[in-house]
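*Asks:* After the structure tokens below, expect a handful of questions from me.
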Amino acid sequence: MSGLLEICRSPPSSEYVTVMEKNGEMKYVSSNMAEPLLGNYPDIRVSRDQARIASCRENVKSAFIPQEKTVWQKALHAWYDQGLTSSFEEIVESKEEVSPVAASVVNGILGLLKAFSSLKVSVFPHMSLSNEGLIAKYAEVSDWSESPVRAFAWHPHTTKFALALQDDAVHVHTSGNNLVPVLKHKLQKYVLVWPGSKPLSASTLAVACESCILIWHVEPTSLAARPSTSLAQVLKQPGHVPVTHLAWDPSGKLLLSSSPTDTAIMVWSVPTEACTPLRRFGGGGISLLSWSPDGSKVLSATLSSMFRVWETTSWNCEVWSQLSGRCIAACWSCDGKMLLFAMEADPVLYCIKFGTLQHDFMLKDDTTAQVKSGSMGSAPMAVAVADLSDVILTSQSGEDVRIGGFVQQMVWNKTSERLAVLCRGPDEKISPFIIIFKTARHPVLQLLPSGFVKGEVGEIPHHIAFQPSFDQGALLSVVWSSGRVGYVPMYFVVEEHIASAQFQHTAVNGHSTRQLYTTPDSCAQNLCDHELQFLGKDMVLNR
């Protein structure tokens with residue numbers, strides 16, 4: 001199977017940046033000549049000093065609450081802050097303050113807890129990581145620990161986004177508004193994800209934290225730069241920490257949450273603060289959640305080489321197992337009928353198409369995905385649609401540039417006509433180039449490399465996202481390692497607009513002729529099917 005990236009155009013040279021897509025091509029200019037194309041979008045440049053937190057976090061309690069006088073008070077606070085094992089360790093360290101019998105009993109229990117913990121770590125190695133380590137490993141933002149911006153998300157319906165910094169504050173930016181509310185809460189420690197405002201609401205934000213979920217209710221017309229913590233609703237479930245992924249139901253009625261330490265997905269009814277666990281054995285904790293745009297399906301990737309696709313009517317699921325590695329990235333088509341996914345140590349993009357009822361699937365000659373429920377009608381096979389194995393290309397200035405590798409993150413725009421893929425090399429370093437594909441879904445999924453998104457000299461992309469409400473094509477936002485948030489507009493006429501310009505029949509000399517009302521040639525060129533090369537034809541694997 002030949003690599004798709006071998007047919008790419010030359011990437012830009014090191015001193016050039018990507019500014020837009022126009023007439024079907026990515027446009028690059030010298031970094032010292034680049035000017036903002038979207039004047040009404042916030043200019044975000046987070047400095048290292050602004051994002052940096054203290055080298056060690058000061059505990060507010062230790063600053064204002066007197067030190068505990070007894071070992072039992074110390075143990076109680078250790079249990080509250082760090083868990084049962086830390087509580088027993090506190091007692092053992094102060095055994096001279098308790099009776100010999102109590103010290104002996106606690107020491108025995110502590111030994112059993114450590115033995116159980118060692119066994120659990122041998123089965124699930126990720127359990128040896130701290131909460132911060134788990135967040136850093138499974139966060140969507142690359143290099144989470146060092147990134148100035150630790151989370152970024154667009155509002156689904158307005159030009160509004162939020163970002164979280166290293167000081168655990170969430171900043172909300174709105175187009176045309178200089179007021180930037182800063183959301184802070186004592187439980188907002190190690191803020192990970194702000195998956196966007198609640199759909200159909202401009203005032204509800206969901207924030208995943210180390211120990212809970214915070215639901216902020218901030219009115220858009222509020223003039224408060226620091227909204228009160230009384231506006232934050234706390235959702236908490238024992239054992240469901242740290243929360244690393246959230247996903248709103250597209251209708252805004254339900255909120256899903258997941259944690260790498262919990263095998264269950266929590267389905268929250270936010271108004272009542274009630275949750276229902278979706279629990280299945282096998283696979284370990286959850287590393288990725290994604291709700292399909294039509295609301296009919298949910299992807300939940302586990303820490304092992306398996307993932308599940310749930311249908312949201314009866315909440316049954318199909319299980320895909322025995323893959324070559326953990327599912328590290330995935331995205332849905334706009335109609336929810338296609339799922340693109342990539343595995344951790346595999347440079348290939350795979351596609352599952354939903355629509356026909358089947359039970360057995362093949363990904364490779366020696367790996368079969370068993371499906372326990374066929375209610376969603378998955379396709380009889382998974383198709384490898386693109387090989388992104390790294391290649392050496394010559395840049396426009398004659399430099400050799402390495403492109404591609406293993407997928408780190410990928411996003412599809414709201415019309416499924418542009419796909420952005422962020423890759424990492426065999427050395428685990430993130431590529432400075434984001435690969436852009438033109439895509440078409442009919443009659444089969446087709447991909448054509450369109451170009452690259454590159455930042456300023458030395459910048460590495462940490463997170464990518466398409467703005468859901470951009471209506472002139474697609475708008476890709478990029479969080480760069482420098483702390484800059486960049487915007488790359490891709491101007492084209494979307495397929496549904498072309499389809500709506502139907503043929504009109506006009507009678508000429510008694511004959512019926514067709515007149516096509518379409519887009520200018522430069523825009524229509526972006527959507528021509530003959531431009532799109534389908535390389536998956538020889539990659540379809542039978543059962």
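*Asks:* For the pair residue 226 and residue 281, what calculated FRET efficiency results from E = 1/(1 + (r/R0)^6), where r is the Cβ-Cβ distance and R0 = 35 Å, to the nearest 0.05?
*Replies:* Given R0 = 35 Å and the Cβ-Cβ separation, E is 0.20.
*Asks:* If you don't mind, there's one more thing I want to ask. Dividing the convex hull volume of the Cα atoms of the range 386-428 by its residue count, what figure in Å³ per residue is obtained?
*Replies:* 87
*Asks:* May I ask for log10 I(q)/I(0) of the range 416-488 at q = 0.11, 0.15, 0.20, 0.25 Å⁻¹, from a Debye sum over the Cα atoms as equal point scatterers with solvent left out?
*Replies:* -0.30, -0.54, -0.88, -1.18
*Asks:* Let me ask you something else. Taking 7 Å along the Cα-to-C-beta vector as the label spot, tell me the residue 23-residue 112 distance in nanometres, rounded to one decimal.
*Replies:* 7.6
*Asks:* Which of 137/198; 27/189; 27/429; 160/236; 27/297; 137/253 have a Cα-Cα distance over 32 Å?
*Replies:* 27/189; 27/297
*Asks:* Name the residues of the range 207-249 whose amide N is less than 18 Å from a point 7 angstrom out from the Cα of residue 145 along the C-beta direction?
*Replies:* Correct set: 210, 242.
*Asks:* Also: What distance in nm separates the two pseudo spin-label positions at residue 43 and residue 335, each 7 Å out from Cα along the beta-carbon direction?
*Replies:* Between residue 43 and residue 335, the simple spin-label model gives 4.3 nm.
*Asks:* Shape of the range 239-301 from its Cα gyration tensor (a ≥ b ≥ c, root eigenvalues): rounded if a/c is under 1.5, otherwise prolate when a/b > b/c, or oblate?
*Replies:* oblate
*Asks:* Convert each backbone phi in the range 386-393 into a coupling constant with the Karplus relation 6.51 cos²θ - 1.76 cosθ + 1.60 (shift: θ = phi - 60°), then list the ³J(HN,Hα) values in order as whole Hz, x for Gly and Pro.
*Replies:* Calculated HN-Hα couplings, in order: 7, 9, 9, 3, 5, 9, 9, 10 Hz.
*Asks:* In a solvent-free Debye calculation with one equal scatterer on each Cα, what is log10 I(q)/I(0) for the range 133-235 at q = 0.13 Å⁻¹, listed in the order of the q values?
*Replies:* -0.41
*Asks:* Counting only C-alpha contacts under 8 Å and six or more residues apart, can you give the relative contact order of the range 128-228 as a whole percent?
*Replies:* Result for the range 128-228 is 21 percent.
*Asks:* Where Lys and Arg each count +1 and Asp and Glu each count -1, what net charge lies around residue 200 among other residues with Cβ under 12 Å from its Cβ?
*Replies:* For residues surrounding residue 200, the net value is +1.
*Asks:* Return the equivalent ellipsoid semi-axes of the range 152-194 as a descending list in whole Å, where each equals the square root of 5 times an eigenvalue of the C-alpha gyration tensor.
*Replies:* 20, 12, 7
*Asks:* In whole angstrom, how long is each semi-axis of the equivalent ellipsoid of the range 178-240, when you take the square root of 5 times every eigenvalue of its Cα gyration tensor and sort them from largest down?
*Replies:* Over the Cα atoms of the range 178-240, the semi-axes work out to 21, 13, 10 Å.
*Asks:* Which order, highest average first, do 313-325, 27-39, 284-296 follow once you tally other Cβ atoms within 10 Å for each residue and take the mean per peptide?
*Replies:* Peptide ranking by packing, descending: 284-296, 313-325, 27-39.
*Asks:* At what distance in nm do the modelled label points of residue 9 and residue 217 sit from each other, each positioned 7 Å from its Cα along Cα→Cβ?
*Replies:* In this crude label model, residue 9 to residue 217 measures out at 5.1 nm.
We did not get these values from a lab; they are worked out from the coordinates using the rules stated. If you're wondering where the values come from, they're calculated on a predicted model, not measured in any experiment. Note that we place each Cβ from the backbone using ideal geometry, even for glycine, and neighbour counts take in every protein chain shown.
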